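First comes the structure, then the notes that go with it.
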Amino acid sequence: MRMVVLAVEAEKTGCRATIAVMDDEQEDAVRARGVDCVRYLDWSEALDPWLVWSDPGYWLTAIGNDRVTLRETGADLVVVDSRLSMTVAAGLEDCRAVAVVQDMDFPDYVYPGRGRREDLWDGVSVALREALRAHGIDWTHDDPREVVVDAGVVVPGTPESDDVPARHRGSARFVGPLTGYADAPSDDGLPERGAVLLYKTLSTRSDLGAFRAAFEDLMPRVHVATGSAREAQALAAAPELAGAHVAESWNVTGPHAARLAAAVIHGGHGTMLHMAQAGVPCLVVPDLSPERYANACKAGRFGSMRAVLDGLDPADLTWSAQSSSDGAADFAAVRRELDALLQDAGAHARAAHLATAYADHTVERAWREVLDVATVPRTARLPVDATAAAGPRDAG
């Protein structure tokens, strides 16, 4: 079996895999593990629906590119995230597919405090309908996320971490975190014992003076992970961070997690689940992204996490914040909540209990679910007469 994997680990699957990557860093990481990969030429536009998904021309190009990818790799199974064009391409190519998505990728999902589906999907719906009509497909759905559930669906989380809409709970398979325990992604070693890790919640755009004022006495314990080598270099040189430890990343996996007193994180879905699986108590400080705000609203369900939502109004959330890593909360408020977390004697015990529960969620177990739910997407298949005339691999 050969497949294109876009969102889950290819190791331990027992299949020959090809991973579609987006940049040089990803390609180096994949090839270092001995796995084949292909590159997307349009990835920077293809990822974010609030950028180009309202353009029918984008859909025609993206679907075409993805059909070519499926043919070039000879895939008979595609594991995709929320890249809707690949799910459509799988249907057109008569290829089985599985979508690995979180709750907000499902039809009917409404972000907390927003009242209705995001306006951005209105334009996407029109553009997708026009593009599919060009392929001879009569698209009848109002919500473009119906494409997601055309394939088999697995959720890399739990019922506590993901609010899957009621209509889809019966068909979605919860497979737990897929972050796993990886090696340290850089040579920056381990955090100090008792460290407080700030993961993607501090950047060169932050008010570093306000941060210094709030964290002055904690500086020797502060470890900053930026996710970017350039950001790490700039922050390490900032006088306001003198005494702190700054790096692109820190190894907080497996037994190393015990070194952390707590982590301050930005509310990314994968980050929250990774910290839960690692057994690290967390303070979730989202930016103005609807996605991270929604994830932060769930923090209390984990028992070992709490959120800082001071001053955040759902009406102010904006998709333009999605590329930011800055927490929207005041640093003084972050410090107050962090102190409360550090003084919570049961936080580590609850985090350890959660990690034990999540240890049952393995990549091998998730892979069995993937194989079980895989199906050829229905709605985005060529009509029977067109398929008969063109053959299953005709570009159309």
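Please treat every number below as a calculation from the coordinates, not as lab data. Fair warning: this is a prediction, and the values are worked out from it, not measured in the lab. Please note: Cβ atoms are built from the backbone with ideal geometry, for glycine as well, and neighbour counts cover all protein chains shown.
A few notes on this one:
- Computed from backbone phi with θ = phi - 60° and the Karplus coefficients 6.51, -1.76 and 1.60, the 3J(HN,Hα) list for the range 115-120 is x, 8, 4, 4, 4, 4 Hz; x is used for glycine and proline.
- Beta bridges per DSSP, both residues in the range 195-357: antiparallel share near 0 percent.
- Nonlocal amide H pairs with residue 174, under 5 Å, H built at 1.01 Å: 155
- Taken about its Cα centre, the range 195-357 carries a charge dipole of about 520 debye when Lys and Arg each add +1 at the Cβ and Asp and Glu each add -1 at the Cβ.
- Averaging Cα coordinates gives a centre for the range 298-315 and one for the range 15-40; these two points are 35 Å apart.
- Dipole of the range 156-294 computed with +1 at Lys/Arg Cβ and -1 at Asp/Glu Cβ about the Cα centre; of 177, 282, 255, farthest Cα towards the positive end is 177.
- Projecting the Cα positions of 156, 107, 137 onto the charge dipole of the range 32-182 (unit charges on Cβ atoms of Lys, Arg, Asp and Glu, taken about the Cα centre) puts 156 furthest along the positive direction.
- Look at the Cα gyration tensor of the range 206-320: its axes a ≥ b ≥ c give a/c of at least 1.5 with a/b at or below b/c, and that counts as oblate.
- For residue 212, the shell of other residues with beta-carbons less than 12 Å away shows a net charge of -3, using +1 for Lys and Arg and -1 for Asp and Glu.
- The modelled label-to-label distance for the pair residue 344/residue 210, using points 7 Å beyond Cα in the direction of Cβ, is 2.4 nm.
- Rounded to whole Hz, the Karplus (6.51, -1.76, 1.60) HN-Hα couplings of the range 302-316, x for glycine and proline: 7, x, 10, 10, 9, 10, 10, 10, 4, x, 8, 10, x, 5, 8
- Amide H contacts under 5 Å for residue 77, placed H, 5+ residues apart: 2, 4
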